[in-house]
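The structure appears right after this line, and notes come after that.
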Amino acid sequence: MPRSTPKSSKRPTPQPSQPVIVSPLWLVKGIVLTALAALFCAYLTLCLLFYQGQWQFVLHPIRTTTSPASIEGAPYELVRFGPDESATPQLTGWWIPPNPGSRYSNLTILFLPDGNGSLIDSIPTLAALHNLGVNLFAFDYRGYGQSAALRPSQQSMTHDASLAWQYLTTSRSIAANQIIPYGIGTGTSLATYLAANHDKIPALILDSPRADLLDVAAHDPRATILPVRLLFHERFPLAETLSTLHTPKLLLSRSTEPEQSFRNAKDPKLTVELTTPSQVLYNASLTRFLDQYVPSVGIPALVPSMAPSR
């Protein structure tokens with residue numbers, strides 16, 4: 001029987017695969033998109049850094065470790081107040097009493113310093129106020145002087161101003177109608193805030209305002225590429241509050257062009273331009289203002305008795 005010849009299985013020879021050709025255009029697009037994503041992330045990082053550190057654009061605190069021996073010869077009391085949750089005082093201030101028998105010994109000025117430097121820089125102003133014969137209470141915000149180490153901000157400084165007010169009205173039992181906030185620089189915003197929130201405050205003194213600081217940050221060359229007007233919150237507002245505040249105001253300007261906030265401030269107000277240093281004009285302005293708007297505060301009126309009938 002003849003053998004059958006097995007049929008040979010013919011399989012197709014595998015063809016080599018063709019390489020995938022990637023268009024150079026897609027490669028360029030990928031590189032560009034990656035670079036744009038990296039730039040966007042870097043820009044967001046810059047925005048975040050600015051948001052967290054924007055206080056450094058407008059506030060320049062200085063820490064100190066020692067206190068002066070006196071306020072240009074005037075004795076004072078070093079005060080620590082404003083305890084935190086652990087009952088540790090966070091704020092350091094100076095209580096400067098007037099000389100016995102002084103003219104305004106029934107009044108207390110709550111001095112709110114600028115956001116630059118420390119309270120030591122305000123000693124000449126404090127000495128001038130002391131010479132008027134008023135009680136003085138001045139303090140360093142947290143982050144300044146010998147107060148607690150803290151990154152300062154509008155929020156923390158506003159809170160510190162409220163704690164100083166609370167210290168005077170509670171710990172020292174001073175009546176609200178005997179306390180006059182005196183703000184200088186960024187402190188003008190904080191003094192105005194106190195007057196707007198305590199209607200018993202008899203008067204307000206604002207000196208060389210440095211507030212409404214959005215434009216200051218917006219024109220800083222370090223922030224030219226950032227959306228400052230969307231991110232900035234350390235504004236220290238002044239103009240809007242002054243335009244509606246009924247509290248009598250002494251507005252001290254030390255520039256040839258008075259502040260817009262002073263021009264739009266609501267009456268009653270007394271505006272004085274101290275374009276050149278003049279201690280005489282400064283003292284006369286304060287005396288005139290106190291005599292006109294804070295007369296006989298805390299001093300009982302003398303009521304004449306009736307003549308005896310005959």
Scanning region 285-300 residue by residue, those of a type outside the set (Ser, Thr, Tyr) and either open to solvent by less than 30 Å² (accessible area, probe 1.4 Å) or modelled with pLDDT of 90 or more (or both) turn out to be LEU286, ARG288, PHE289, LEU290, ASP291, GLN292, VAL294, VAL297
Taking TYR51 as the residue in question, decide whether it is surrounded by 12 or more Cβ atoms within 10 Å (Cβ to Cβ) and over 30 Å from ARG172 (Cβ atoms). yes
Residue list for region 157-188, filter: open to solvent by 10 Å² or more (accessible area, probe 1.4 Å) and under 16 Å from LEU59 (Cβ atoms): THR158, HIS159, ILE184
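Regarding SER70, is this residue at pLDDT below 85 and open to solvent by less than 100 Å² (accessible area, probe 1.4 Å)?
When the stated conditions are applied, SER70 does not pass them.
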For region 147-206, which positions are assigned to a loop (DSSP other than H, G, I, E, B), under 22 Å from GLU240 (Cβ atoms) and in contact with a strand residue (DSSP E or B) (Cβ under 7 Å, 6 or more places away or on another chain)? ILE201, ALA203
Can we say PHE40 is open to solvent by less than 60 Å² (accessible area, probe 1.4 Å) and either closer than 19 Å to ILE174 by Cβ or in a helix (DSSP H, G or I) (or both)? no
Selection from region 207-226 of residues surrounded by fewer than 21 Cβ atoms within 10 Å (Cβ to Cβ) and part of a strand (DSSP E or B) yields SER208
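The values are calculated or read from the model by the stated rules, or taken from the named source; none is laboratory data. Being a predicted model, the structure only gives us computed values, none of them experimental. Note: ideal-geometry Cβ built from the backbone for every residue, glycine included; neighbour counts use all protein chains shown. Just so you know, the surface numbers come from the protein's heavy atoms only, side chains and all, with ligands and any DNA or RNA stripped out. Shrake-Rupley method; radii C 1.70, N 1.55, O 1.52, S 1.80 Å.
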